[in-house]
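Peer 1: Have a look at this one.
The values are calculated or read from the model by the stated rules, or taken from the named source; none is laboratory data. What you see is a predicted model; the values in this text were computed from it and never measured. So basically every Cβ, Gly included, is an ideal-geometry build from the backbone, and we count neighbours across all protein chains shown. Only protein heavy atoms, including side chains, enter the accessible area calculation; ligands, DNA and RNA are left aside. Shrake-Rupley method; radii C 1.70, N 1.55, O 1.52, S 1.80 Å.
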Amino acid sequence: MKLIHTIKDLQAELQACRDNNKTVGLVPTMGSLHRGHVSLVSSSVTQNDITVVSVFVNPTQFNNINDLLTYPRSLEKDCQLLQENGVDIVFAPSDSEMYPEPDTREFDYSPLDQVMEGKHRPGHFNGVCQVVSKLFAIVQPDNAYFGEKDFQQLAIIKRMASELFPSLTIVGCPIVRETDGLALSSRNARLSAVDRKEALTISKVLFSSVEFAKSHTLQETFDFVVGGIKAKPALELEYFEMVDANNLQPVQNWTDSTNVVGCITVYCGDSVRLIDNITYNK
Ligand code: PAF
């Protein structure tokens with residue numbers, strides 16, 4: 001496995017692969033890797049000749065400076081995990097390598113980027129699109145892998161790729177959970193043992209709501225989830241929205257959509273922002 005820090009070196013390495021007609025899979029990450037990332041890597045390793053994993057904490061997608069400063073970083077440990085899982089190239093650029101000048105591009109994927117995370121984290125998806133489009137342009141992968149935990153991000157990246165990189169396939173990979181149900185996230189590392197237990201309520205309420213939904217209206221199911229989170233003083237609900245999986249717009253009744261997804265964001269413990277989602281197959 002090669003650890004590469006510059007675009008020039010990466011492209012030289014990839015040119016050699018392309019000359020040999022090798023397919024390239026890209027897994028963009030912000031490091032601090034866990035089993036969720038490993039599942040993306042495994043899909044890429046199975047489906048491509050070469051797998052590139054980028055490790056870059058992208059400053060332009062953070063609208064909260066504290067969140068950026070406290071974002072966990074562990075390149076050495078990440079590289080070890082990636083090597084064990086068959087990755088060929090790790091691309092870990094510096095901020096100035098990725099942004100030699102400020103990126104002033106604006107992406108508008110309305111209405112997908114206007115709701116949920118887009119509403120609560122202004123500029124976040126613009127930053128995600130900036131960095132991901134740069135990575136796509138640098139690596140020119142055949143396939144790129146993203147987790148379904150960031151459901152809205154996946155929808156927006158699919159839309160961006162279909163417009164700007166039409167020959168690229170975006171592969172969505174299922175949420176990976178701890179055995180007790182907590183969705184894996186790099187931010188889980190910031191939870192104390194007590195908060196970790198409290199955070200479990202998020203997935204528990206979502207799972208129970210799928211059962212509850214079978215005999216209740218959409219509004220009742222919405223209230224069930226919101227009530228379940230609000231009953232826990234250690235958790236602070238930022239939003240729960242039940243949306244159509246394709247256009248991400250809120251739905252009022254089960255008959256409004258054949259594919260309803262419940263997306264949730266909750267603060268737990270020392271301002272640790274956790275997201276999760278669940279599909280209601282009615
Ligand atoms: O999902 C993430 O980790 C990031 O948003 C991504 C896609 C790597 C872009 O920085």
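Peer 1: Just to confirm the number: angle between the C-alpha axis of helix 35-47 and the first principal axis of the chain, 0 to 90 degrees, nearest 10?
Peer 2: Roughly 50 degrees between the two axes.
Peer 1: Okay, moving on. Would you calculate a helix-derived [θ] at 222 nm for the chain, using -39,500 (n - 2.57) for each DSSP H run of n ≥ 4 and dividing by the full residue count, to the nearest 500?
Peer 2: Helix contribution divided over all residues of the chain: -12500 deg cm²/dmol.
Peer 1: Could I ask something else about it? Counting only protein heavy atoms and a 1.4 Å probe, tell me what percentage of segment 223-282's accessible area is made up of carbon and sulfur.
Peer 2: Roughly 45 percent of what the probe reaches on segment 223-282 is carbon or sulfur.
Peer 1: Would you work out the charge dipole size for the chain about its Cα centre, treating the Cβ of every Lys and Arg as +1 and the Cβ of every Asp and Glu as -1, and quote it to the nearest 20 debye? Don't skip to the answer; put the middle values down first.
Peer 2: Values: 25 positive and 35 negative charges, 88 e Å.
Here the chain has a charge dipole of around 420 debye.
Peer 1: Now for a separate question. Cα centroid distance between segment 207-282 and segment 121-199, in Å?
Peer 2: 19 Å
Peer 1: Helix 151-164 sits at what angle to the longest principal axis of the chain, using alpha carbons and giving 0 to 90 degrees rounded to 10?
Peer 2: On a 0 to 90 degree scale, this one is about 40.
Peer 1: Follow-up question, since we're still on this one. Place a label point 7 angstrom from the Cα of residue 18 along the Cα-to-Cβ direction, then list the residues of segment 141-165 whose backbone nitrogen is under 16 Å away.
Peer 2: 141-144, 165
Peer 1: Next up: Hey, what angle do you get for helix 193-213 against the long axis of the chain, alpha-carbon based, 0 to 90 degrees rounded to 10?
Peer 2: Tilt of helix 193-213: around 70 degrees.
Peer 1: When N counts the residues of segment 1-152, how does its alpha-carbon radius of gyration compare numerically with 2.2 N^0.38 Å, as a ratio?
Peer 2: For segment 1-152, the normalised Cα radius of gyration is 1.04.
Peer 1: In the chain, if the dipole is taken from +1 on Lys/Arg beta carbons and -1 on Asp/Glu beta carbons about the Cα centre, which of 144, 194, 20 is farthest to the positive end?
Peer 2: Of the options given, the answer is 194.
Peer 1: Under 8 Å for C-alpha pairs, at least 6 residues apart: give me the relative contact order for the chain, rounded to a whole percent. Write down the numbers at each step before the final one.
Peer 2: Details: 482 pairs, mean separation 48.6, N = 282.
With pairs under 8 Å counted, the relative contact order is 17 percent.
Peer 1: Could you provide, to the nearest whole Å², the per residue accessible area of segment 133-249 with probe 1.4 Å?
Peer 2: That works out to 46 Å² per residue.
Peer 1: Could I have the simple spin-label model distance between residue 267 and residue 219, label points 7 Å from Cα toward Cβ, reported in nm to one decimal?
Peer 2: Result for the modelled spin labels: 3.0 nm.
Peer 1: Moving on to the next point. How many nm separate the modelled label positions at residue 197 and residue 254, each set 7 Å beyond the Cα in the direction of the Cβ?
Peer 2: 3.6 nm
Peer 1: Within 10 Å of each candidate Cβ there may be at most 11 other Cβ atoms; applying that plus a DSSP loop requirement, which trypsin sites (Lys or Arg not before Pro) in segment 34-129 survive?
Peer 2: Passing sites in segment 34-129 are 105.
Peer 1: Now, a different point. If the chain between residue 9 and residue 75 were fully stretched, how many nm would it gain, using 0.36 nm times the residue separation less the Cα-Cα distance?
Peer 2: 21.9 nm
Peer 1: Would you list, by chain and number, the lysines whose Cα falls below 19 Å from the Cα of residue 158, excluding same-chain residues fewer than 8 positions away?
Peer 2: Within reach: 134, 149.
Peer 1: Residue by residue, what Karplus-based ³J(HN,Hα) values in Hz, rounded to whole numbers, does segment 110-116 have, using 6.51, -1.76 and 1.60 with θ = phi - 60° and x for Gly and Pro?
Peer 2: Taking θ as phi minus 60°, the curve returns 4, x, 4, 9, 8, 9, 6 Hz for segment 110-116.
Peer 1: Something else: Just the number, please: carbon plus sulfur as a percent of the accessible area of segment 18-67, 1.4 Å probe, no ligands or DNA/RNA counted.
Peer 2: So the carbon and sulfur contribution to the accessible surface is 45 percent.
Peer 1: Which lysines, if any, have their Cα less than 18 Å from the Cα of residue 230, not counting same-chain residues under 8 positions apart?
Peer 2: 197, 204
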